[in-house]
Amino acid sequence: MNSDENKKDDKQKISENIEKTVSGEKKGSVLLKLFLTTLYISAFTFGGGFVIVTFMKSRFVDKLHWITESEMLDLTAIAQASPGAIAVNAAILVGWRAAGFFGMITAVTGTVIPPIVIISVISLFYKAFASNKYVSLVLKGMQAGVAAVIFDVVCSLGASVVKEKSAFQIIVMIAAFIASVIFDVNVIFIILAAAVLGVIYWAAEKRRAKSR
Amino acid sequence: MTVYIQLFFSFLQVGLFSVGGGYAAMPLIQSQVVEKYAWLTMNEFTDLITIAEMTPGPIAVNSATFVGIRIAGIPGALTATFGCIFPSCIIVSLLAFVYYKYKKLSVLQSVLSSLRPAVVALIAGAGLSILNIVVFGSNAVSFSNIEIIETVIFVVAFIVLRKFKLNPILVMSCCGAAGLFANLLAENL
């Protein structure tokens, strides 16, 4: 009860904060700060979406107080559940919250500029790079490393699916693997089929709960 | 012009169907970029994933830039990247709106609980094709074509990652060094 009230207070405070910044003369400076923050976070976080969400929390929740902690958790869940890169999705949500539509555009731009610049520079050198004997030997070793990293991730993710002890999920996992690796079914079809199965399963569960 | 349209729609599909972040985009990128349009060979794709892993930024955005710039220069990179983030901008904005209005959606959670295992399986599939490149190079799959050094590096790296949970970037750097020294040593023996 108490924490709920606190949450409400927090939310109110923050929306007041945001209203102040949006309606007041400070909108330009909010956008600038949003741009620089997302640019900075995106340029220095290695290791994917979850890491970037942690950085965003420390900036936007703890430092700038634009978002409450519980709201950040919800935003993280939406960012993960939506299609696309988690970092981009999180930037979209934070941007909307901080400064509306232009905030969203600003945050997304800040997030994608560092990878575009870094990869552009690398790709210019890639041809010369990859044809160098020593570099290609290093790359070959690193390819072996990346394969290991991917299988490590697959093992962790797979274990967490198995841990749920849902026969439905395990069957979906095995069926998707067989469809993709053995029958070479298009990835998009597999994802759509899984989504449809999810809806059917949800409807069946609901019916079962009703008849009980 | 067609090449920009192809780049845009191809990465639009990557952005639209990769749910779960990070590695979830990998099988989609492979199917578009290697299998459908042959913009990259499997070997180049493996290099791309390696580079994406070593640099900041989401794999999907890194790949869009890399492929776009090789096919159609800087405008190509921007087109592909825009295609890749465009579905997110619309869907995430809509979801945020719905979420703030209705809070929880049990359908969405059920769809996710069914998508997650499928995505794990697809990542495993993409991982297998990368492993194929590592173990057999660009040669046919047969016992005599096994690249011993790379296979050993893979096995050791996998065990190290599973057992000690070391930083992946550190492990990959060590693998790069091991690949260089082991191959040079093998040549000089």
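The values are calculated or read from the model by the stated rules, or taken from the named source; none is laboratory data. The shown structure was predicted, so the numbers you read here are calculated from the model rather than taken from an experiment. Don't worry about glycine lacking a Cβ; one is built from the backbone with ideal geometry, like all the others, and counts go over all protein chains shown.
Restricting attention to region B:133-157 and to residues that are more than 9 Å from chain A (Cβ to nearest Cβ) and within 17 Å of A:A148 (Cβ to Cβ), the residue that is surrounded by the fewest Cβ atoms within 10 Å (Cβ to Cβ) turns out to be B:I148.
When region B:52-70 is examined, which residues are found to be of a type in the set (A, V, I, L, M, F, W, C) and in contact with a helix residue (DSSP H, G or I) (Cβ under 6 Å, 6 or more places away or on another chain)?
Filtering region B:52-70 down to residues of a type in the set (A, V, I, L, M, F, W, C) leaves B:52, B:54, B:59-61, B:64, B:66-67, B:69.
Of everything in region B:52-70, those that are of a type in the set (A, V, I, L, M, F, W, C) and in contact with a helix residue (DSSP H, G or I) (Cβ under 6 Å, 6 or more places away or on another chain) turn out to be B:A52, B:I59, B:A60, B:V61, B:A64, B:F66, B:V67, B:I69.
Assess whether B:S129 counts as being at the interface with chain A (Cβ under 7 Å from one of its Cβ atoms) and either touching a helix residue (DSSP H, G or I) at 6+ places or on another chain (Cβ under 7 Å) or in contact (Cβ under 8 Å) with a residue 60 or more places away in the chain (or both).
Details: at the interface with chain A (Cβ under 7 Å from one of its Cβ atoms): no; either touching a helix residue (DSSP H, G or I) at 6+ places or on another chain (Cβ under 7 Å) or in contact (Cβ under 8 Å) with a residue 60 or more places away in the chain (or both): yes.
Taking the combined requirement at face value, the residue does not satisfy it.
One residue is enough: does region A:178-190 have a residue meeting the conditions assigned to a loop (DSSP other than H, G, I, E, B), within 23 Å of B:S18 (Cβ to Cβ) and within 7 Å of another protein chain (Cβ to nearest Cβ)?
Initially, region A:178-190 is screened for residues assigned to a loop (DSSP other than H, G, I, E, B), giving A:183-186.
Cutting the leftovers down to within 23 Å of B:S18 (Cβ to Cβ) gives us A:183-186.
The next check asks that each one be within 7 Å of another protein chain (Cβ to nearest Cβ); those that pass are A:186.
There is at least one residue in region A:178-190 that is assigned to a loop (DSSP other than H, G, I, E, B), within 23 Å of B:S18 (Cβ to Cβ) and within 7 Å of another protein chain (Cβ to nearest Cβ).
Output the residues belonging to region B:16-51 that are among the hydrophobic types (A, V, I, L, M, F, W, C), farther than 21 Å from B:I91 by Cα and more than 8 Å from chain A (Cβ to nearest Cβ).
B:V33, B:V34, B:A38, B:W39, B:L40, B:M42, B:F45, B:L48
Taking region A:121-170 as the range and being surrounded by fewer than 15 Cβ atoms within 10 Å (Cβ to Cβ), more than 7 Å from chain B (Cβ to nearest Cβ) and more than 26 Å from the chain's Cα centre (by Cα) as the test, the residues that pass are A:L124, A:F125, A:K127, A:A128, A:S131, A:N132, A:K133, A:A167.
Mind telling me which of the residues A:I92, A:I178 ends up being among the hydrophobic types (A, V, I, L, M, F, W, C) and more than 20 Å from the chain's Cα centre (by Cα)? Quick ask: steps written out before the conclusion?
Details: A:I92 fails: more than 20 Å from the chain's Cα centre (by Cα).
A:I178 is the lone residue from the list that is among the hydrophobic types (A, V, I, L, M, F, W, C) and more than 20 Å from the chain's Cα centre (by Cα).
Please work out if A:V138 is more than 25 Å from A:A79 (Cα to Cα), assigned by TED's automatic domain parsing to the domain that holds A:A77, without any contact (Cβ under 8 Å) to a residue 60 or more places away in the chain and part of a helix (DSSP H, G or I). So A:V138 does not fit the description; no. Among the residues of region A:73-87, those that are closer than 24 Å to B:V107 by Cβ and either in a helix (DSSP H, G or I) or more than 8 Å from every other protein chain (Cβ to nearest Cβ) (or both) comprise A:L73, A:D74, A:L75, A:T76, A:A77, A:I78, A:A79, A:Q80, A:A81, A:I86.
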